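Participant: I'd like to ask you about the structure that follows.
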Amino acid sequence: MIPTTQQTLQDENEYNFKEGEVLKFNIGGRLFAVLKETLTQPIKKLNMENEDDENGNDEIVENNEYYEPNMLSAIASGMHTLTFDKDGSIFIDRDGKYFGYILNYLRASGIPNHFSLPKDEHAIECIYLEAQYYNIQGLIEFIEQEHENWIEHLKPKNFILSNRQPFKDSKILTNQMEGKLVNLLSKTRSFKNCKLLFRASQDGFNASQFHSKCDNKGPTVTIIKTFNSCIFGGYTPLSWNTSDSFQRDNSSFLFSFIGKNEEERNVRIENQGQKDNTKSIYCGSLYGPTFGGGHDLYVDFTSNYSNLGHSYSLNGIAYATSQAQGFLAGSYHFSISELEVYELK
């Protein structure tokens, strides 16, 4: 049965999944069970293009690179906001018909001859779309190579965008981080290009300059680097202004690419707060780009701080705890070494 009013958002630290724990999923009414380790194990990239075996067939060649964490690994690692049904299963509002193929791919560690896919075109199309939703990059690439003609029309409209490097002028993002950001944005909106509106190191570390450059520009992405090398930021479709008021659009989100001690991440933090999700951003003349009612991310260029959980939540992290205050920047207060704001077009 699909959960209705008895669905509950997980809160605080009740669901920190342990090693060896079996996670139960309710995918659109279909039930699944899987070990935490199956979801969190790193998937090694495979090269199937340039090597042939003695029979002239493509040969699978491993390399030493791994795919970025996917949505399911984020869930199992406590890095994703969750909804639970009345029986305590993790509820995801998707058609569960093909979810088993996703799990079998992960159980096989992404090795092609250790898992199988259906032979019919419609099923492959459906699995491809599910792999995109859960960000299973290895399975996406495998299907694109093996069934290119079947799924060409399903590729995201901005699929080529990552090759165009819309944030190539950033002094904060590496090429890898740029790809992560493009992928996060593509799940929310399509855009053809972006324009640098504000860079603190050249325009000034102050709110007035931020507003003079960034107000009334529509959708923007803010990217922040701290003096301890943490990299994070936020997206909002709302225009910044000086109205001294909260604004709401729940497609806004925060993200984190580098955490404390230079921990690499790819975390999207949704506008689904434990306290109040109606406060997506705060616009004020003395404020820089500020997100959430806590504030979850507060910037004024002098007394910056972060405190997740009020309006933007992560599974397993409760509002106003040391985890919530240190997740983005390693500590509650942080100093900005660089901040960039881009307009999306």
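Participant: For segment 291-345, which residues satisfy the criterion of being surrounded by fewer than 21 Cβ atoms within 10 Å (Cβ to Cβ), part of a helix (DSSP H, G or I) and either aliphatic (A, V, I, L, M) or out of contact with any Lys or Arg (no Cβ under 7 Å at 6 or more places or on another chain) (or both)?
Facilitator: Those that are surrounded by fewer than 21 Cβ atoms within 10 Å (Cβ to Cβ), part of a helix (DSSP H, G or I) and either aliphatic (A, V, I, L, M) or out of contact with any Lys or Arg (no Cβ under 7 Å at 6 or more places or on another chain) (or both): 322, 323.
Participant: Does residue 173 qualify as being within 12 Å of the chain's Cα centre (by Cα) and on the phi < 0 side of the Ramachandran plot?
Facilitator: Details: within 12 Å of the chain's Cα centre (by Cα): no; on the phi < 0 side of the Ramachandran plot: yes.
Answer is no for this residue.
Participant: I would also like to ask the following. Please verify whether segment 265-277 includes one or more residues that are out of contact with any Lys or Arg (no Cβ under 9 Å at 6 or more places or on another chain), of a type in the set (Gly, Ala, Ser) and on the phi < 0 side of the Ramachandran plot.
Facilitator: Looking through segment 265-277, none of the residues is out of contact with any Lys or Arg (no Cβ under 9 Å at 6 or more places or on another chain), of a type in the set (Gly, Ala, Ser) and on the phi < 0 side of the Ramachandran plot.
Participant: Write out, first by first residue and then by second, each pair whose Cβ atoms fall under 6 Å of each other, whose residues are 6+ apart or on separate chains, and whose first residue, in segment 228-239, is touching a residue at least 24 places away in the same chain (Cβ under 8 Å) and over 18 Å from residue 335 (Cβ atoms) while the second is small (Gly, Ala, Ser) and buried (at least 22 other Cβ atoms within 10 Å of the Cβ).
Facilitator: Note: pairs meeting the criteria are 236/252.
Participant: Related question: I need every pair where a residue in segment 69-92 that is on the phi > 0 side of the Ramachandran plot has its Cβ under 7 Å from the Cβ of a residue that is part of a loop (DSSP other than H, G, I, E, B), sequence separation at least 6 or different chains.
Facilitator: If the second residue must be part of a loop (DSSP other than H, G, I, E, B), the pairs left are 78/16; 78/17; 78/315; 78/316.
Participant: Take the residues of segment 258-267 that are in a strand (DSSP E or B) and of a type outside the set (Asp, Glu): which is modelled with the lowest pLDDT?
Facilitator: At the first step, the residues of segment 258-267 found to be in a strand (DSSP E or B) are 258, 264-267.
After this cut, where a residue has to be of a type outside the set (Asp, Glu) as well, the list is 258, 265-267.
Details: 258: 95, 265: 91, 266: 88, 267: 92.
Restricting to residues being in a strand (DSSP E or B) and of a type outside the set (Asp, Glu), the top hit is 266.
Participant: Sticking with this structure for a sec: With (1) at pLDDT 95 or above; (2) farther than 16 Å from residue 333 by Cα; (3) not in a strand (DSSP E or B) as the list, and residue 288 as the residue in question, which single condition is left unmet?
Facilitator: The one condition residue 288 does not meet is (2).
Participant: Are any residues in segment 274-290 more than 21 Å from the chain's Cα centre (by Cα), hydroxyl-bearing (Ser, Thr, Tyr) and buried (at least 21 other Cβ atoms within 10 Å of the Cβ), and if so, which ones?
Facilitator: Across segment 274-290, the qualifying residue is only 282.
Participant: Consider residue 188 carefully, then state whether it is modelled with pLDDT of 95 or more and more than 19 Å from residue 335 (Cα to Cα).
Facilitator: Numbers: modelled with pLDDT of 95 or more: no; more than 19 Å from residue 335 (Cα to Cα): yes.
Here the answer is no, as residue 188 does not meet what is asked.
The values are calculated or read from the model by the stated rules, or taken from the named source; none is laboratory data. Treat the numbers as computed from the prediction; the structure is a model and nothing was measured. Here the Cβ is made from the backbone with ideal geometry for all residues, glycine too, and neighbour counts use every protein chain on show.
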